[in-house]
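Colleague: Please read through the structure below; I'll follow up with questions.
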Amino acid sequence: GVVGPRTQRALQGRCPRNVSRRTRRRSNSSNLLQIGSSGDRVIQLQQNLQRLGFYPGVITGNFQNATTAAVIEFQQSQGLVADGIVGRRTQTAIQRQISIGVNPNPNIPPVLPTPGNIENGRTDNFSNTLPKTRNPGDVGTRVVELQRALRELRYFDGNSTGVFGNTTRDAVARFQRDNQLIANGVADAPTIAAISRALDQLYPGCIPGRGDICFGENSQRVTQVQQSLQQRGLFTSDTTGYYGQITSAAVAQFQRSSGLNPTGFVDPPTFQALGLSSNSQNRYMVVVPLGDNNDILYRIRQLAPQAFQDDSPLGAYVNAGSFRDRSDAEELSKMLRSRGFDARVSYF
């Protein structure tokens, strides 16, 4: 029980190691991304998950429920612990999928650069001063998205490198020739608009305006669908209320077994077959009048990929998203207004 020289040396020898371990634990914890995290690393995470087809929401830089749901969906698809926290293993898996350059969700089209939002050798998604063409020699994330779009349309079979080289130029020119455009190999505004239309035709069917559950919805009725699929043994993951890749695949499997068109989204016949109501509780809608600006839908989709065009007695408009809580709708509306869109919240 007496602390002598040997005991003191032994204690002193242990203290630095313990401090080191505590410091290391604090350092590892600070590297995690989870609920409450914010900043550039969260922006990068949301962009990566969006490129992989797991996060269709707005790039905010704030790690909240929608980001957590997307992380869980990705972790489940990779066989990782689905805790919604981005640590070293999850980050490594994300980077591995990004390097492959393939959208792991075939039901979701890639985010496409639009006539009003294409940078020239830059990676800023939201600059209002970006030129409206994409030229050979340009680099950046928008080139990656262009390459992915052309691959979806079977014009580009190379890797999504982010470099607009000869292979990309030739793919753009082939698309232009097939669509009666000037075949100059430059992704100008008419070409981008034509690619966007072609992608819309490639992925038809899901109409949020009629109550369909489409990729990216986060709601109680998605939870009900997941629970119904669990009871049938078709959905083995945890119920998250988020409609992502795994839920979509389970729905398609149910549709095939029920003799329905295996679209992967929940339309009225699928609701009926599941014994569920299609009534949506998302009554607050963010609308943007369309006016005479034909590219406004494509520009909004860069910020809110779930957006779609609809009509009313007052004219055409873009539905940028529907929400149960007015505060969520106001947040999206405020972000869109900060980007120059005439957005407002309507109750329906």
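The values are calculated or read from the model by the stated rules, or taken from the named source; none is laboratory data. Values in this document were obtained by computation on a predicted structure and should not be read as measured data. Glycine also receives a Cβ, built like all others from the backbone with ideal geometry; neighbour counts cover every protein chain displayed.
Colleague: Could you count how many residues in the range 295-322 are buried (at least 18 other Cβ atoms within 10 Å of the Cβ) and either touching an Asp or Glu at 6+ places or on another chain (Cβ under 9 Å) or hydroxyl-bearing (S, T, Y) (or both)?
Modeller: The number of residues fulfilling the criteria is 7.
Colleague: Looking only at residues that are aromatic (F, W, Y) and outside any loop (DSSP other than H, G, I, E, B) in the range 309-348, which one is nearest to the chain's Cα centre (by Cα)? Don't jump to the end; show me each part of the working.
Modeller: Step one: filter the range 309-348 for residues aromatic (F, W, Y), giving 317, 323, 341, 347-348.
Cutting the leftovers down to outside any loop (DSSP other than H, G, I, E, B) gives us 317, 323, 347.
Numbers: Y317: 22, F323: 17, Y347: 26 Å.
Ranking the candidates gives F323 first.
Colleague: So for the range 306-320 (the condition being closer than 21 Å to G241 by Cα, polar (S, T, N, Q) and modelled with pLDDT under 90), does at least one residue qualify? Give the derivation first.
Modeller: Filtering the range 306-320 for residues closer than 21 Å to G241 by Cα gives 306-307, 320.
Next, from what is left, pick out any that are polar (S, T, N, Q): 306.
From the residues that got through so far, the ones that are modelled with pLDDT under 90 too are 306.
Scanning the range 306-320, I find at least one residue that is closer than 21 Å to G241 by Cα, polar (S, T, N, Q) and modelled with pLDDT under 90, so the answer is yes.
Colleague: Quick one: in the range 227-245, which of the residues that are closer than 25 Å to A329 by Cα and either in the same structural domain as Q76 (by TED's automatic domain parsing) or of a type in the set (S, T, N, Q) (or both) is modelled with the lowest pLDDT?
Modeller: To start, the set of residues in the range 227-245 that are closer than 25 Å to A329 by Cα comprises 239-245.
Those still in the list that are either in the same structural domain as Q76 (by TED's automatic domain parsing) or of a type in the set (S, T, N, Q) (or both) too: 239-240, 245.
Details: T239: 83, T240: 80, Q245: 68.
The extreme case among them is Q245.
Colleague: Would you check which residues across the range 44-68 are farther than 13 Å from L33 by Cβ, touching a Gly at 6+ places or on another chain (Cβ under 7 Å), buried (at least 21 other Cβ atoms within 10 Å of the Cβ) and hydrophobic (A, V, I, L, M, F, W, C) and list them?
Modeller: F54
Colleague: Identify, please: which residue in the range 293-308 is under 22 Å from the mean Cα position of the chain (by Cα) and outside any helix (DSSP H, G or I) and is, among those, farthest from F54 (Cα to Cα)? Walk me through how you get there before you give the answer.
Modeller: From the range 293-308, those under 22 Å from the mean Cα position of the chain (by Cα) are 295-308; that's our starting set.
The next check asks that each one be outside any helix (DSSP H, G or I); those that pass are 295, 304-308.
Numbers: D295: 25, A304: 14, P305: 12, Q306: 12, A307: 16, F308: 19 Å.
The residue in question is D295.
Colleague: Can you find, within the range 229-245, the residue that is farthest from the chain's Cα centre (by Cα) among those that are part of a helix (DSSP H, G or I) and surrounded by fewer than 17 Cβ atoms within 10 Å (Cβ to Cβ)? Explain how you work it out, then say what you get.
Modeller: Step one: filter the range 229-245 for residues part of a helix (DSSP H, G or I), giving 229-231, 245.
Checking the rest, the ones that are also surrounded by fewer than 17 Cβ atoms within 10 Å (Cβ to Cβ) come to 230-231.
Working: Q230: 25, Q231: 28 Å.
By that ranking, first place goes to Q231.
Colleague: Could you list, in sequence order, all residues of the range 246-277 that are among the aromatic types (F, W, Y), over 19 Å from the mean Cα position of the chain (by Cα) and under 19 Å from R210 (Cβ atoms)? Outline the logic, then answer.
Modeller: Start the filter on the range 246-277 by keeping residues that are among the aromatic types (F, W, Y), which leaves 254, 265, 271.
Now drop any that are not over 19 Å from the mean Cα position of the chain (by Cα), which leaves 254, 271.
If the condition is that a residue be among the aromatic types (F, W, Y), over 19 Å from the mean Cα position of the chain (by Cα) and under 19 Å from R210 (Cβ atoms), then F271 is the only one that fits.
Colleague: Right, next: Could you tell me whether S248 is outside the structural domain of Q75 (by TED's automatic domain parsing), assigned to a helix (DSSP H, G or I) and in contact (Cβ under 8 Å) with a residue 24 or more places away in the chain? Steps first, please.
Modeller: Values: outside the structural domain of Q75 (by TED's automatic domain parsing): yes; assigned to a helix (DSSP H, G or I): yes; in contact (Cβ under 8 Å) with a residue 24 or more places away in the chain: yes.
Here the answer is yes, as S248 does meet what is asked.
Colleague: Going by the conditions given, is V71 within 20 Å of A249 (Cβ to Cβ) and at pLDDT 85 or above?
Modeller: Working: within 20 Å of A249 (Cβ to Cβ): yes; at pLDDT 85 or above: yes.
The answer is yes for V71.
Colleague: Additional query: For the range 47-65, enumerate the residues that are at pLDDT 80 or above and of a type in the set (G, A, S). Reasoning before the result, please.
Modeller: Kept after step one, since they are at pLDDT 80 or above, are these residues of the range 47-65: 47-49, 60-64.
Within the range 47-65, G61 is the sole residue that qualifies.
Colleague: Would you check which residues across the range 79-92 are more than 18 Å from R41 (Cα to Cα) and either out of contact with any helix residue (DSSP H, G or I) (no Cβ under 8 Å at 6 or more places or on another chain) or crowded, with 16+ Cβ neighbours inside 10 Å (or both) and list them?
Modeller: Of the range 79-92, the ones more than 18 Å from R41 (Cα to Cα) are 79-83.
Correct list: G79, L80, A82.
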